[in-house]
Each structure stands twice: as C-alpha cells, then as structure tokens.
Amino acid sequence: MFSKDYRPKGRDHHVAVVMFVQDVFSTKFSKDVLDSFDRARKLWHEFTYDNAELVSPTQAKNLVINAEVFVNKTKEILKM
C-alpha cells in the first residue's frame, strides 16, 4: 500500500485498505465482492463505535460468501 502512496489517516485507517483494494485490484475482483468488502468495514465500524444493531443472518451469510471469494482470489493473486 505504501509503495502506491496509500496512507492511513487518523482513526479511519481501515478505509485506506478498502480504497487501495478497490483502486489497485478492481480488475481482479467483481464489483459485488469489492462493495461487500466496504460494506463489511462500515458494519464493523457501526457495530464497534455506534452500538448499531446486529448484522442480520442474510447479511452475515452474504458477507461470508464474498469474504471467501475475496480470500481465494487474493491467494491466487499472491500465488499461495
């Protein structure tokens, strides 16, 4: 991330990771997976800092499915 000039700013450091992945790897991941990655970050932030409601079972299932796609594709990119 640093080599491509992505730097975390303040307490919003998680958004830098999402922006990096969306900008640098947008051709490697579907828009649905990238959007899910950002949605998960926002849900985590709301739950952690704003005492938001729990994630619904449907949301959780979809986030897990997209996370698995994301991890598998990342392994492929890194040739693991």
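Can you tell me which residues in region 26-61 are out of contact with any helix residue (DSSP H, G or I) (no Cβ under 7 Å at 6 or more places or on another chain) and among the hydrophobic types (A, V, I, L, M, F, W, C)? Once the filter is applied, which keeps residues that are out of contact with any helix residue (DSSP H, G or I) (no Cβ under 7 Å at 6 or more places or on another chain) and among the hydrophobic types (A, V, I, L, M, F, W, C), region 26-61 yields Leu43, Trp44, Phe47, Leu54, Ala60. If you filter region 53-74 down to residues that are of a type in the set (A, V, I, L, M, F, W, C) and farther than 22 Å from Met19 by Cβ, you find that the one that is surrounded by the fewest Cβ atoms within 10 Å (Cβ to Cβ) is Leu54.
May I ask you to list the residues in region 17-37 that are in a loop (DSSP other than H, G, I, E, B) and of a type in the set (Phe, Trp, Tyr)? Of everything in region 17-37, those that are in a loop (DSSP other than H, G, I, E, B) and of a type in the set (Phe, Trp, Tyr) turn out to be Phe25, Phe29. When Asp23, Asp32, Asp5 are screened for being under 15 Å from Thr74 (Cα atoms) and either of a type in the set (D, E, K, R) or loosely packed, with under 10 Cβ neighbours inside 10 Å (or both), only Asp23 passes. Of the residues making up region 22-37, those that are modelled with pLDDT of 85 or more and within 26 Å of Ser56 (Cβ to Cβ) number 9.
The values are calculated or read from the model by the stated rules, or taken from the named source; none is laboratory data. Everything numeric in this text was worked out from a predicted model, so none of it was measured. For neighbour counting, all protein chains shown are included, and Cβ atoms are generated from backbone atoms with ideal geometry for every residue, glycine included.
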